[in-house]
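Let me begin by presenting the structure, written as structure tokens, before commenting on it.
Please treat every number below as a calculation from the coordinates, not as lab data. As the structure is a computational prediction, the values presented were derived from the model and not from experiment. Cβ placement follows ideal geometry from the backbone for every residue including glycine, while neighbour counts extend to all protein chains displayed.
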Amino acid sequence: MEWRSLLYYLSPPPDFGKGKVTLYATDWCPYCAKTRALLEQLHVPYKEYNIETSEEGRDQYQRLAGKGVPVLLIDGEVVRGFNEKTIVAALAQW
């Protein structure tokens with residue numbers, strides 16, 4: 001197991017995502033585009049960070065043990081990758 005993954009399991013996600021939806025993405029990622037489209041289709045307000053151009057976004061992404069994009073932070077819950085059912089289920093708890 002990679003050290004970042006181990007760190008994620010040993011410590012809970014930071015609280016900077018409480019009460020909101022944050023997308024960590026890139027411009028070129030097709031799954032990021034699908035995630036954006038789903039959030040817009042569901043009329044979910046969200047903040048997006050391009051992890052390649054935003055220092056703040058990249059820092060938060062790394063603190064979440066980010067590996068690959070997209071990463072969604074939904075009220076403190078981390079959703080990695082694009083899986084529509086998982087995203088919708090996490091949003092239902094929000």
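Computed from the C-beta positions of residue 67 and residue 37 and an R0 of 25 Å, the FRET efficiency is 0.65 to the nearest 0.05. Within the shell of other residues whose beta carbon sits under 13 angstrom from the beta carbon of residue 37, the net charge comes to -1, with Lys and Arg scored +1 and Asp and Glu -1. As a rough guide to protection, the peptides 70-83, 43-56, 21-34 ranked by mean Cβ packing within 10 Å, highest first, stand as 70-83, 21-34, 43-56.
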